[in-house]
Every structure is written in structure tokens, then in C-alpha cells.
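Below is one structure, written out as C-alpha cells; the observations come after it.
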Amino acid sequence: MKQFIASILSCALILTVRAENLKTADAFRDAATKANSILTLPDWDQTPEAVEASMKNAIATANAALDQIGAQDPSKVSFKSTIVALDDLGYQARLAANKATIIKETNTSAAMRTAAENAVKLFQDWAVGVDYREDVYKAVKAFGKTQPKLSGEEAKLLKETLRDYRRAGLDLSPEKRQEVEKLRKDLSKLGTDFDSNIVEVQAPVVFTKAELDGVPESFLASPGIKTGDDAYTVKANVTWQNIAIMENAKSEEIRRRLYVIHDSLAKDKNVPVLNQMLALRNKIALRLGYKSWADFQTEIKMAKSAAGAEKYINDLITGTKPKFDAEVAELRKLKISETKDPGAQIKLWDFRYYQNQLKKQKYAIDTEALRVYFPFQKTLDGMFNVYQSIFGLKFAKIAAPQKWIGDLQLYAVTDTATGEPLGMFYLDMFPREGKFNHFAEFEIIGGKLMPDGKYQRPTVALLCNFPPPSEGKPSLLTHSDVETLFHEFGHALHTIVTRAKYSRFSGTNVPGDFVEAPSQMLQNWIWDKKVLDTFAADYRDPAKKIPAETIDKLKEAKLATVGVYYRRQFAFASLDLALHAPHPEDQPYECVAISNPILEKVFLPIAPETTFVSYFGHLNGYDAGYYGYAWADAIAADMATVFESAKDGYLDKQAGLRLRHDIYEPGDSREITQSIEKFLGRKQSVQPFLKKIGIGGTTKEGSVPS
Ligand SMILES: [Zn+2]
């Protein structure tokens, strides 16, 4: 352990020498004090024992605060001593959990990661128990009964706190409540099993070289693929390997073989587990007085009800039909000419292959060649310039007093107009053994008005896995990497500039079917020549910008397959809602019989022996919520119109400031629909979304139900 700390320190030392001009967080603290706010960097635990102790202390402190709420004289309860006290203690406990999460996802020591993982589990178990503290609920209910005259954020906080208790079953008779609590615990265990079965399943499939005709040599030469003289092992459970075959293998029989294995992964284990999960969810919903789990889940989202979500998805399924049919017809033409079979149809195992053919033949796009325009640091600085300008912010690189990895970067964010410090962000951008393997923004310290009247400004981290620099060559990003960067950093800004008083509402703590919308909107930026020209240039010859024709071609190619992309999304959304629709309690579930026909009807013909849902991880966590991706996409397209019609387009400062003030700053402290419509200056519409995916000229005025 000492060694570990020493290596961290030495890295920090080297960096301090190189970056001796960097300011520290202290340099911003005076300005923060003037603005009556606080800037904080976590004190990162350095040993597994310290990680465990931090979490245990936090839980003990929170439990003491809960005891205090519960011990109050019910006739003397106040908003502050009940509702705010709950927000305060939950916030403090979450700080420890957030810190443990970062350690779990980033630490270079396996022992530290394990300790942090255990700490996070400890927190999760504790958090479920908080809902069932009857003494606390009594105090909260007693305050609710005083009919307090509250408005705005306070009224919303009271309403939603009471709603949480009702949703946990606290309004039910003691027997029923205990039943709900038990059902929830059983469900949580099954959910863990469902996830583990997905993570643990292995499906190596051996092919000969001839069978993999069409698959690029670079793939066949990748580590671990060639496993014998004429044997190539493809793991159906490893996404990039599976996709490489589905996009490139010329033989339909080979594609079908791999697809059937992939879409039947975890079949034996997860089909029964999912059936039980659906039954438990249905029971919980019914005990709580809902018609279905989908109704229960959507109540707290923008959709408000299962019917709202279903109608939205069904309208889009209908609306995209002509575009989808036309795209499939085009893919079918390619298949007919390749197979010489006039009756050939596009099946689920064909679409990736023929889409790839279409891209190559019709658009001649070489995505790899675009990397030269996106060297990592220049791209990052370029994105910073764009966001600083449109959102009225300033980012300053500062020295991190503690680093979990040598190339960690830390920045302070201030408001350009007033100099007020707004928060800080860490960047941990390259892959390494044991690190979180996707791209995400993590809140470490959320924004909140503290009991002493000072505002705690947020600190966040971006954990990404961009291609690392190699000897003599900088890290070069793909266009899609740049899109991810613009997206994830949008989440960081959403968290950092918050002005919500209570942690429940601050930053990205907004309804699940909205949270992705602002970041999805920002993805538009990197398809815009004007934005790209502010930073994208060939790293070998910076005078060279991306040609306009290349961007147009990229856009065309995207549009050419967007119908298929969305119909697949809608199929997932639709089968997810169907699985969680009203269901007689005494009838067992048959998840495959419910979902397979929908997949086939909304998307493409399937192989009947497959069980797509057994490997669809979103069914635990995004259950009855998958529709939210498309929902947020529609809002993103709608919000983008504000920039598109502004003087400077995506670089427009006024539109940027409005996004900051109307959407980011309030968070969930007021109804999100109100914020969206304030930003739009009109009611919401799905027309911009339909237009974006190439379905213009619809006469019916569509709208997102609110
Ligand atoms: Zn996101």
C-alpha cells in the first residue's frame, strides 16, 4: 500500500514540476467566499481501511440525523427539521458513496477498488432501509398534515418527499407494507442475478478463415482471435467482435449462426429470472395501487403514465414507417444483387452487413481517415473554447493536490461576467487495467444550499476511454469519439452551473426521460462545419480543415440508415413497455412470447429460437424506461432549433446563455416542461425530430405529451 501511495506522489511531483505555473483551488476560494459559496475537493482515501471507514462514518452520521428527525415532538415539526433535514442527510451520505464510486471505477489498486465496491453496496443497502424508517415517516407526515403554505422549490420538495414514501408503501397497512418491502428486496436480488448472468456468460464461437470471408484482416489479426491453424475464435458476448462479424461476414449462414448465439445469450438462466422479476414488479405495482409497473415507473417521469409513453412510441413507429420501409428496400436491393435471389429479404442478421455495404459503396466514407483532424488535446481545448464562449464560462486548469493517476487533469469553472467560481471538474481520459470501461460523467460533490446559508459548488469527474497516445503519435479521436466528448462534457456543465437549492433537484437530478436531452442536443455541434472549423485541423498540417463535402457525406450516410436505427430503438422501447403492461396476478409470465413478436413486427424478421430479452441488460435499471432515449432525442431536436434559428447558429452566445439559465441552472427545481418551454419560447413539438430523421412535411402537428 505504501508503494502505491509513493507512486502516486511521485507522479504528482513530476507533474508539479512540469506544470509549476498552475494555480490551485485556493486561488478561487476568495472569490467563492465573496459569492457566499464553497469550493471543495474531496479528501481521497488512500487505504482500503480508510475507504470502509469513510462509508461507515457517513452512514452512522446519517443514522444519527434520522434518529433526530424521528425523535421530534410531532407537534413541533417544521419544514427545516423534517423535509430539509432529510435532503441534508441524504446529501452527506451520498458524498461518501460518490467518492467510493470514483475510487471503485478509477483506482489503480485492486484492493482499493474492492473496498470501494463494498462501500457502495453498503450504501445501497442502507439507502433502501431509509425509506422504511417509520419514526422518520411519522415526523414527515406530521409536518405534511400542518398544511404548510409553501411555494416553488419548497412546495415541490415536500410533494415529492411524500410521494417517495407513498411509492415505497408507507401509506399501506403494516402487513402490506412489509410485503412490499420484502418484494422489493427479492426483486433487487433477482436484478443482481440478471445482471451477473449477463456479465458472466461466455460464448466463444470458432470459425474457419473461409467462413469469415469479408471480415477485415486487421480484425483477424487482433489479439486472441486466431486460436489455431485455421481457427478464429469470436466471442459472441464481446460487442466489438460480434459487430465486426455482423457488419462484414459475407456468408449469411455465418451471420445467422452468430446472431442466434448472441440473441440467445443467458437464455437458460435469464428467461426464468426475468419472468420472476416481471411477476414481482407487477405485484409491487398492484399492491401500491397502480395498474402496472409501467404506470409506476413513468409516474415520476415526463411521460407521467404508461399510456403517455406508449402513445408517443406508437406514433413514432407509424411516423417512421415510410422512411424505414424505403431504407429496408434499399438494403434488400443490395442483398438481391449479391445473392442473385430475387426473393431475398432483409432479416435481423442482415441489416448491419448491408448497411455497411451501403456506406462503402454509396458514400465511400473512411471513418479512420478522419482521425487526423481530431488530435486529443486540440479537440479538448477546441470544445472548451466553444462551450466557454456560448455558456459565458471560463475554465482554468489548476493543480490537483491528490491524483489517482498521473495524467489526471483538474479545472476550475468561473462565470465570465462576474468571476464567481461555479465548480470544478476532473478529467481521467485514457483506458487502463481495472478502470471503468465506458464514457461517463460522475457527480462527486453535488450543488446544494448548505444549512449555514452558503452554496456548495459542485465537483465532477469525466471518466473516458479515448485512444491513448502512442510513441511519436498523439491520441487521435474518431468523429464518433468527439461526439461522445461533447455529449459527456454537457452533463458536466449541467451539474456544475446548477442553482437549485436542494440536492434532490440540482444538476442532472432531473427526470430520467429528460436527462440525456441537453447532451444529445450538443451532439449536433460536431456535425456543423462552422463549429468544427474552430478547432478541427489536420495535426500534420493545421492549415487543412475538414472538407465540407466530407461533412455532407457523413450526414448523408447517417440519414440513410437513421430509419433502421430508430425502428430498432422503438422496437426495444415497445417490447419493454409491453413486458411491464397490466397483467393478471395469477398468470405466469412468458417474457419471450411477449417480446419476440414485437421485435419482429416493429423491426425485422427474427429467428424464432432466439430470446433477445435474456441478454437485454436495460431491463434491469431502465425497465419501462427504455422509451426515454427516443423521448429525450425528440426534445433534443426540439431544443436545437433555438440555436439553429439564432444569429450565430450553434455558436450563438445568447442561445447558450438561455440554455444555461433556463435548463441547466434550475435542474428539477421546477417542472421540467416549464423549463423546456421557457427555453423554446413555445410549446414542445416532435416535428423537428421527425425532420431531423428525414421525415419532413407531416401535416399533423405532433407534440410531446406532458
Ligand atoms: Zn449521456
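Quick notes on this structure:
- Seen from Thr611, the other residues with C-beta closer than 12 Å to its C-beta sum to a net charge of -2, counting Lys and Arg as +1 and Asp and Glu as -1.
- Counting only DSSP beta bridges whose two residues both lie in the chain, roughly 75 percent are antiparallel.
- Solvent-accessible area of Asp586 with every protein chain in place, 1.4 Å probe, in Å² to the nearest 10: 130 Å²
- Within the assembled protein chains, the solvent-accessible surface assigned to Arg166 is about 90 Å², based on a 1.4 Å probe.
- Geometric extent, Cα atoms of region 481-523 - Rg, Dmax (angstrom): 10.8, 34
- Reciprocal mean inverse distance between Cα atoms of region 35-161 - Kirkwood radius, Å: 16.1 Å
- Computed over the Cα atoms of region 142-225, the ratio of the radius of gyration to the Kirkwood radius (Rg/Rh) comes to 1.43.
- Ranking Thr418, Pro401, Phe376 by Cα position along the charge dipole of region 334-422, where only Lys, Arg, Asp and Glu carry charges on their C-beta atoms, puts Phe376 farthest toward the positive end.
- Debye, to nearest 20: dipole size of the chain, +1 on Lys, Arg Cβ, -1 on Asp, Glu Cβ: 1140 debye
- Here the alpha carbons of region 603-667 define both size measures, Rg and Dmax, at 18.8, 55 Å.
- Each 20 Å bin from zero up to the one holding the largest Cα-Cα distance in the chain carries the following percent of pairs: 15, 49, 33, 3, 0.
- DSSP beta bridges confined to region 379-471 are antiparallel in about 80 percent of cases.
- Rounded to the nearest 20 debye, the dipole size of region 76-171 about its Cα centre is 240 debye, using +1 on the Cβ of Lys and Arg and -1 on the Cβ of Asp and Glu.
- Here region 220-378 is treated with +1 on each Lys and Arg Cβ and -1 on each Asp and Glu Cβ, and its dipole about the Cα centre works out to around 380 debye.
- Counting charges near Glu181 (Lys, Arg +1; Asp, Glu -1) among other residues having Cβ under 12 Å from its Cβ returns a value of +2.
- A probe of 1.4 angstrom, applied to the heavy atoms of all protein chains, finds Arg332 with accessible area near 80 square angstrom.
- Candidate residues Ser645, Ser503: accessible-area rank, largest first, probe 1.4 Å: Ser645, Ser503
- Using a cut-off of 22 Å between Cα atoms, the listed pairs Lys99/Lys138; Lys378/Lys530; Lys182/Lys267; Lys397/Lys647; Lys529/Lys553 include Lys99/Lys138; Lys182/Lys267; Lys397/Lys647 as exceeding that distance.
- Region 249-295 - Debye-derived log10 I(q)/I(0), Cα point model, q = 0.19, 0.24, 0.28 Å⁻¹: -0.67, -0.80, -0.91
- Dipole of the chain computed with +1 at Lys/Arg Cβ and -1 at Asp/Glu Cβ about the Cα centre; of Phe207, Met521, His580, farthest Cα towards the positive end is Met521.
The values are calculated or read from the model by the stated rules, or taken from the named source; none is laboratory data. Source: prediction; values computed, not measured. Don't worry about glycine lacking a Cβ; one is built from the backbone with ideal geometry, like all the others, and counts go over all protein chains shown. Areas reflect the complete protein model, heavy atoms only, side chains present, ligands, DNA and RNA absent. Shrake-Rupley method; radii C 1.70, N 1.55, O 1.52, S 1.80 Å.
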